[in-house]
Every structure is written in structure tokens, then in C-alpha cells.
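Asks: Below are the C-alpha cells for one structure; questions will follow.
The values are calculated or read from the model by the stated rules, or taken from the named source; none is laboratory data. Small disclaimer: the values here were computed from a predicted structure and weren't measured. Neighbour counts run over all protein chains shown; Cβ positions are idealised from the backbone, glycine included.
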Amino acid sequence: MMLASLILLAPPTAVVACRPQDRPGLVAQATAFGGVVAPDRARAQAAAAAGDTARAAAARYLGLEIAPFLIAPDAVSPRRLGCPFVFAWPFAEPGTVGRSPPSHVLPHEIGHAAFLHFLIPRTVDDEYGGDAPDWLDEMVAIAFEDSVGVANRRADGRRHAERHALIPLRRLLAMTHPEWVAAGPSTGQSPGGNLGVPGSPDTPAYYATVRLLFDYLVARTGNPQVLRDLADAARTKVPIDRWMLARVARFGDGPTLEDLDVAMTAFAIGDPAYRAAGDADLRRSQAR
């Protein structure tokens, strides 16, 4: 999903330090990426961990050194924070811990922001993210998630693969994000599939397939920055299906997208990381 209305990015003309300052009723915490302003110390520490995760993912998967940034409540005016890159986040109110989003959500949303800001921006209204295909926008955000999010996505991917319920690549590469379709682009509402109950029955398979496709392409190309290459291909209008098939051909995967569907299913069932995530998820289910 993407909370597009929560993102404020003012591109800096030079790298500047972002030093958070305490504000009435809020706590500031300096970090390696800049800092956090949050309702309390616990939320500040959680947001700091999310920011660290996102910063590391940007370097590892996109080859980007993100400029210093702050994470702050969306109610605080960014102009008062003195930082050109501010990620406005709707922290849960004190006393509503149970309603706080899972730990993977904040780095996920920062991933969306980084992709729009540094790689493929939005140039028209009424679209899910930027001008990139929706699945690529979502793939970058998923790559930014923390280890808990990664394990859950892989377990879900293995479940879908075992049930032959993944979305076929020919459909995935052309489809609009199912949560955007469910919400309706004219409503002004943000898709909710990453925060709560999916708005579309296609959403779980969509996320599972996108995560699996990312892991599959990294494994086949040996390039953890394959997302950067995909963004370059999308920006220059290279047909993505041909791009993918050309890069996995030496492994005998292909020559059609339908062949890649079969190869991805086998990857999800046989890959050690997917097997470990699925087994851990099964043990948790049995313990409940």
C-alpha cells in the first residue's frame, strides 16, 4: 500500500543535518539517519529502528544514500522541523498500543517515499504511486520491510505457491494495485491492504507474488540491486517481460512468462529461506 498523503519530500539542494528537537508533548531522538519526533520514548525508539531499516535497505537494494531525514507526527508542521526531508507518520495515540501498525509498515512506507523521490516520481494524478508499474512500486516498499515483515511475506508466498494461488506474471505485470481499485482513485482514500483488512480478495496474493518475484530475481541475477535495474528499464520503456526473460534464460527458466510462473512456484517451495519461514509460521499456528 502507499499512504501518499502522509509523505512530504522537499528535495534538498545540499546535504544538511536534521537535528530533532523536543516539542510540547513530544519526544525527540537523534539517529544515524537524522532523527525522530514522537509522542513518547517507546514510539520514538520504534520509529528510529524503522528508519534505520529503511536507510539500510535503500543502500543495499537501490544503491542510494538517503539524505538526512526526520520521522515526525503528521500534525507537526514540517517547516518547523528544519529538515528538507520529513516523513510524516500518524503515530497511534498514547494508550492505543494495540492499534499501532506492525513494525514492517513504517519502513515499507518510507520505501514508497524513497522510490517516488529518487527514482520514478508521479507526474499525473489519479494513480497508485508514481509513473512506475504498481507492482514495481510495491516491490521496492516490500524490500524495505524489517526482518519480521520479510519472514511473514515469505511464509505467505510459500502458502500461495503450495496452493497454486500466486498471481500469474502476465496478469501481475499489467494489473493496477488491487487496493487502489478497491478504494477507488477518486475517493482520495489511501489503500489499506498493508495496515488492516484487505479491500480486495486479490490483495494477499498480490503482495505474496510481488515479494516472491523480488526474491526470485535477486537469486537468479545475483544482483541485490535488481530493483534499480528494473526502475531503469521502466523509466526507459523497456518491455519488462522481455527484460526478465533475458536475465533468467541462462538458468533454463523461460522462454515464456508462464514458464517463469512454474519456476517461481518451485522456488517458493524449495528455497531454504522460504522453507524456514513457512515452517516457523506453521509452528506458530500449531502453538495457538
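Asks: Could you tell me whether LEU260 is surrounded by 13 or more Cβ atoms within 10 Å (Cβ to Cβ), within 22 Å of the chain's Cα centre (by Cα) and either within 26 Å of GLY63 (Cβ to Cβ) or in the same structural domain as HIS164 (by TED's automatic domain parsing) (or both)?
Replies: Values: surrounded by 13 or more Cβ atoms within 10 Å (Cβ to Cβ): yes; within 22 Å of the chain's Cα centre (by Cα): no; either within 26 Å of GLY63 (Cβ to Cβ) or in the same structural domain as HIS164 (by TED's automatic domain parsing) (or both): yes.
For LEU260, the condition - surrounded by 13 or more Cβ atoms within 10 Å (Cβ to Cβ), within 22 Å of the chain's Cα centre (by Cα) and either within 26 Å of GLY63 (Cβ to Cβ) or in the same structural domain as HIS164 (by TED's automatic domain parsing) (or both) - is not met.
Asks: Next up: Given ARG163, ARG159, ARG170, ARG154, which one is at negative phi, surrounded by 22 or more Cβ atoms within 10 Å (Cβ to Cβ) and of a type outside the set (Asp, Glu)?
Replies: ARG154
Asks: Right, next: Please give the number of the condition ARG60 fails out of (1) within 17 Å of VAL105 (Cβ to Cβ); (2) at pLDDT 95 or above.
Replies: The number of the failed condition is (1).
Asks: I want to confirm something. Restricting to the stretch 78-109 and keeping residues that are modelled with pLDDT of 80 or more and part of a helix (DSSP H, G or I), which single residue is nearest to ALA54 (Cα to Cα)?
Replies: Per the stated criteria, the residue is PRO107.
Asks: Let me ask another. State the number of residues belonging to the stretch 199-248 that are in contact with a helix residue (DSSP H, G or I) (Cβ under 7 Å, 6 or more places away or on another chain), in contact (Cβ under 8 Å) with a residue 60 or more places away in the chain and of a type in the set (Lys, Arg).
Replies: Residues flagged as in contact with a helix residue (DSSP H, G or I) (Cβ under 7 Å, 6 or more places away or on another chain), in contact (Cβ under 8 Å) with a residue 60 or more places away in the chain and of a type in the set (Lys, Arg) within the stretch 199-248 amount to 2.
Asks: Just for the stretch 1-57: of the residues that are of a type in the set (Lys, Arg) and crowded, with 17+ Cβ neighbours inside 10 Å, which one is modelled with the lowest pLDDT? Outline the logic, then answer.
Replies: Narrowing the stretch 1-57 to residues of a type in the set (Lys, Arg): 19, 23, 41, 43, 55.
Checking the rest, the ones that are also crowded, with 17+ Cβ neighbours inside 10 Å come to 43, 55.
Numbers: ARG43: 92, ARG55: 95.
Once the filter is applied, the top-ranked residue is ARG43.
Asks: Applying the selection to the stretch 59-77, what residues are free of Cβ contacts under 8 Å to residues at least 12 places away in the same chain and in a loop (DSSP other than H, G, I, E, B)?
Replies: Correct list: GLU65, ALA75, SER77.
Asks: Can I ask one more? Take the residues in the stretch 112-151 that are assigned to a loop (DSSP other than H, G, I, E, B) and among the aliphatic types (A, V, I, L, M), then tell me which one is surrounded by the most Cβ atoms within 10 Å (Cβ to Cβ). First the steps, then the outcome.
Replies: We begin by selecting, within the stretch 112-151, every residue assigned to a loop (DSSP other than H, G, I, E, B); these are 120-133, 144-146.
Then keep just the ones that are among the aliphatic types (A, V, I, L, M); that gives 120, 124, 132.
Numbers: ILE120: 20, VAL124: 7, ALA132: 23.
The qualifying residue surrounded by the most Cβ atoms within 10 Å (Cβ to Cβ) is ALA132.
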